[in-house]
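Have a look at the structure below, then the notes.
The values are calculated or read from the model by the stated rules, or taken from the named source; none is laboratory data. Because the structure is predicted, anything quoted here is derived from the model rather than measured. Positions of Cβ are generated from backbone atoms using ideal geometry, with glycine treated the same way; all protein chains shown enter the neighbour counts. Surface accessibility is based on the protein's heavy atoms, side chains included, excluding ligands, DNA and RNA. Shrake-Rupley method; radii C 1.70, N 1.55, O 1.52, S 1.80 Å.
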Amino acid sequence: GNSSSSLVAAAAAAAAAGVAAWSLWNLWKQQNPKQRKILVSEPCLTSREEKYLMSAFRSTFISGGAGSYKRRLETEFAAMCGCKHGVTCTNGTVAINLALVAAGLKPGDEVIVPTFTYVASAAAVVTCGGVPVFADCDPELGLVDPSAIRAAISPRTKFIMAVHLYGHPCDMDAINAIAQEHGLQVMEDAAEAHGAMYKGRPVGSLSNFATFSFYANKIMTTGEGGIVVTNDTKLAQQMVFLRGHAMSPETRFWHTAVGFNFRLSNLLCAVGVAQLERFKELFYGRQRVITSYRQNLNGFKGIEIKPVESFSFPNQTETCRPSPWLACVVLPKEYAYKRDAICDELERRGIETRPFFYPVHTMPPYVNYKVWLADGREVKGNMEASARLTVSDEISARGFNLPTSVGLSKGDLKYINTNVKQVLSMMLAEKAV
């Protein structure tokens with residue numbers, strides 16, 4: 001039809017001008033919004049990423065052993081986080097694994113992990129021999145509750161993992177105070193919180209070490225990838241050592257410990273450097289999307305849109321700035337049971353959603369691990385939900401994510417906001433706005 005003919009003509013003109021094929025695809029998507037599915041999150045790639053990727057390709061330094069882009073990504077991302085050292089890894093999950101082993105985790109050691117998180121937080125603990133002990137979350141933001149952390153501590157506890165869930169920084173002062181009292185190490189799982197600030201300090205610099213993910217749906221991406229940042233020079237050196245099969249720095253191909261191959265390709269680091277140079281554009285581009293949802297949808301039929309622009313913890317005046325990773329819709333408690341039907345209807349209208357994470361303790365490999373609640377009670381995932389009464393179960397069932405890509409146009413946002421209102425009006429009884 002006319003659309004196809006126009007695309008062919010545009011392709012010919014673009015080829016003559018040397019424009020990349022992906023820019024044509026983006027142009028077509030913008031001109032044909034109803035002929036595509038609006039995804040929850042798409043990477044925002046430009047000619048800069050292409051240029052740096054081809055530069056790394058032509059340099060022939062394409063592995064993770066060397067390359068200028070690898071060094072730049074490690075140094076510059078760490079600096080953005082207020083840290084001296086960055087150690088890139090193949091993904092955010094093995095970044096947790098590498099950091100815990102390098103920091104001294106031994107088989108049987110306990111790591112306190114929020115149960116309301118993506119499963120990678122707990123899986124990484126298990127795969128390096130640790131024992132996850134789950135802590136429940138607070139009812140406002142779904143962040144790990146310091147009272148539950150305190151209840152979960154035992155003589156075998158060695159680490160506390162603070163997960164900055166859906167871009168919201170945890171109450172790090174409270175968590176660090178508990179850790180100092182008990183002689184524990186703290187790590188931040190900041191996979192979803194690039195650029196977040198806690199009381200004026202960047203996420204990543206608030207603990208012994210922090211891990212980030214560069215997966216394709218994150219604010220900045222390398223396709224696949226991750227990084228550990230820290231101000232501990234000895235820990236950084238140990239991570240570099242273990243990451244490269246624990247080869248002796250003095251004698252090549254002489255290995256003095258059992259290590260890993262967790263190196264991130266210089267090709268992918270090149271994409272990461274380009275994304276990092278564009279970080280403000282990517283950060284505020286997503287913030288623009290969430291602001292649109294907040295202005296149009298917050299309070300409609302009683303729903304909440306998160307993350308908020310800024311927030312303070314109870315009895316504190318200093319503010320925190322979340323990272324705008326994914327827009328979150330939180331339904332009123334009484335309508336949690338309609339969450340999946342709402343998402344199915346939006347999907348039918350070409351709007352992809354995704355449900356909130358399931359609490360880790362409810363999934364088959366983890367049902368026998370302990371879960372500690374803020375009131376000091378211990379439960380397990382193999383108990384009936386009515387018996388365990390976790391806040392995490394309740395919040396998980398009420399939430400879902402809306403599309404939050406930088407490339408969403410005004411037309412896209414109008415379409416999403418309009419259809420969300422229509423679907424909520426169909427499925428929810430009247431609520432005060």
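Given springs between every Cα pair under 10 Å in a Gaussian network model of the chain, which of 182, 168, 361 has the largest fluctuation?
Ranking 182, 168, 361 by mean-square fluctuation puts 182 first.
Tell me the per residue accessible area of the range 30-137 using a 1.4 Å probe; a whole number in Å² is fine.
For the range 30-137, the solvent-accessible area averages 42 Å² per residue.
Which whole-number value in Å² is the accessible area per residue of the range 174-327, probe 1.4 Å?
Values: 6340 Å² over 154 residues.
With all protein chains present, the range 174-327 gives 41 Å² per residue.
What accessible surface, in Å², does a 1.4 Å probe find on residue 153, ignoring ligands, DNA and RNA and rounding to the nearest 10?
Surface open to solvent at residue 153 totals about 40 Å².
For the chain, give the percent of accessible area contributed by carbon and sulfur heavy atoms, probe 1.4 Å, rounded to a whole number.
Using a 1.4 Å probe with all protein chains present, the chain comes out at 56 percent carbon and sulfur.
Counting Lys and Arg as +1 and Asp and Glu as -1, each charge on the Cβ, what is the dipole of the chain about the Cα centre in debye, to the nearest 20?
It works out to roughly 1140 debye.
For the range 174-314, compute Rg over Rh where Rg is the Cα radius of gyration and Rh is the Kirkwood radius from the inverse mean 1/r over Cα pairs. Mind showing how you got there, number by number?
On the way: Rg = 19.2 Å, Rh = 18.0 Å.
Reported Rg/Rh (Cα atoms, Kirkwood Rh): 1.07.
Just one of (1) 69, 60, 41; (2) 55, 49, 46; (3) 66, 50, 46 is Cα extents along the principal axes in Å as worked out from the coordinates here. Which one is it?
Calculated Cα extents along the principal axes in Å: the matching label is (1).
Given Cα pairs under 8 Å that are at least 6 residues apart, what percent is the relative contact order of the chain?
21 percent
How much of residue 375 can a 1.4 Å solvent probe reach, expressed as accessible area in Å² and rounded to 10?
Probe radius 1.4 Å; accessible area of residue 375 about 100 Å².
Ranked from the most accessible area to the least, with a 1.4 Å probe and all protein chains present, what is the order of 278, 294?
Heavy-atom accessible area, descending, gives 294, 278.
Using the Karplus equation 6.51 cos²θ - 1.76 cosθ + 1.60 (θ = phi - 60°), what ³J(HN,Hα) coupling, rounded to whole Hz, does each residue of the range 190-203 give in order, writing x for Gly and Pro?
Whole-Hz 3J(HN,Hα) from phi for the range 190-203: 10, 3, 10, 10, 4, x, 5, 10, 10, 6, x, 10, x, 4.
Sequence gap at least 6, Cα distance under 8 Å: using those rules, report the relative contact order of the range 263-413 to the nearest whole percent.
26 percent
What number, in percent, do you get for the relative contact order of the range 354-398 if the mean sequence gap of Cα pairs under 8 Å and at least 6 apart is divided by its residue count?
39 percent
Filter the DSSP H helices in the chain by two things, a Kyte-Doolittle mean of at least -1.0 and an axial alpha-carbon span of 24 angstrom or more, and list the hits by number.
Span-like helices, by this rule, are 279-297, 410-427.
What figure, in Å² to the nearest 10, do you get for the accessible area of residue 201 with a 1.4 Å probe and non-protein molecules left out?
Using a 1.4 Å probe on the heavy atoms, I get roughly 100 Å².
Just reorder 319, 404 by solvent-accessible area, largest first, 1.4 Å probe, all chains present.
Final ranking, largest accessible area leading: 319, 404.
What does the helix-only formula give at 222 nm for the chain: each DSSP H stretch with n ≥ 4 adding -39500 (n - 2.57), the total divided by the residues, and the result rounded to the nearest 500 deg cm²/dmol?
Computed ellipticity for the chain at 222 nm equals -12000 deg cm²/dmol.
List the residues whose amide H sits under 5 Å from the amide H of residue 197, counting only those 5 or more places along or on another chain, with H placed 1.01 Å from N in the peptide plane.
Here 203, 321 satisfy the definition.
Can you put 60, 88 in order of accessible area, largest first, using a 1.4 Å probe?
Sorted descending by solvent-accessible area, the residues read 60, 88.
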